[in-house]
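To keep things clear, I will list the structure first and then write my remarks on it.
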Amino acid sequence: QVQLVESVGGLVQAGGSLRLSCAASGGIFSSYVMGWFRQAPAKEREYVARISRSGYLTNYADAVKGRFTISRDNAKNLVYLQMGRLKPEDTAVYYCAATIAFELGPLTDFHSWGQGTQVTVSS
């Protein structure tokens, strides 16, 4: 079992950048595909990005492709989400998540979740 804790989010102006971190404990970090999801008010939780166990493979939702970058540091048990060119529609609670999978795995298999962190983008 792995426990995940996101860093504090923040308030950012449109066009700005913000980096989120997620710290993992209680498991073997390198065994997990790590992902980021988000949930805006009155909306379903949506997929943002995920990264393979080694960090060699990444995948992004179309809405963030080219603007967000997911990365990980297995030595520190950390996964990051670098968010750039932020838009008001990026405003959401962001969650990191983990799953045991090869390559990037299916989106439905994420089993461990952080508590979420609020990111607000002002216009």
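Across the chain, the longest piece that holds none of the GluC sites (Glu not before Pro) lying in DSSP loops with up to 13 other C-beta atoms within 10 Å covers 45-102.
Relative contact order, whole percent, for the stretch 72-123 stands at 41, derived from Cα pairs under 8 Å and 6 or more residues apart.
Please report the relative contact order for the chain, taking Cα pairs under 8 Å with a sequence separation of at least 6, and give it as a percent rounded to a whole number.
Values: 314 pairs, mean separation 44.5, N = 123.
After rounding, I find 36 percent.
For the stretch 1-94, trypsin sites (Lys or Arg not before Pro) meeting the loop criterion (DSSP other than H, G, I, E, B) and having at most 15 other Cβ atoms within 10 Å: Lys43, Arg45, Lys65, Arg67, Lys76, Arg85.
Taken over the stretch 1-50, the convex hull of the Cα atoms encloses 111 Å³ per residue. Sorted from greatest to least, the principal axis extents spanned by the alpha carbons of the stretch 65-120 come out as 33, 21, 21 Å.
What fraction of the DSSP beta bridges in the chain is antiparallel, stated in percent and rounded to the nearest 5?
Details: 37 of 41 bridges.
Beta bridges within the chain, antiparallel portion: roughly 90 percent.
Model label sites at Leu104 and Gln13, defined 7 Å from Cα along the beta-carbon direction, differ in position by 3.4 nm.
Spacing of the modelled spin labels on Thr69 and Tyr56, each 7 Å from Cα toward Cβ, amounts to 2.0 nm.
The stretch 35-57 and the stretch 96-123 have their alpha-carbon centroids 4 Å apart.
Distances between every pair of Cα atoms in the chain, grouped in 5 Å steps from 0 to the bin holding the largest one, split as 2, 13, 24, 26, 19, 10, 5, 1, 0 percent.
Please state the relative contact order of the stretch 1-67 as a whole percent: Cα pairs under 8 Å, 6+ residues apart? It rounds to 23 percent for the stretch 1-67. Taking chymotrypsin sites (Phe, Trp or Tyr not before Pro) as exposed when their DSSP state is a loop state and no more than 13 other Cβ atoms lie within 10 Å, the longest site-free interval of the chain runs over 1-55.
Throughout, read-outs are computed from the coordinates displayed, never taken from laboratory work. Keep in mind the model is a prediction, meaning the values are calculated, not measured. Virtual Cβ from ideal backbone geometry, glycine too; neighbours counted across all protein chains shown.
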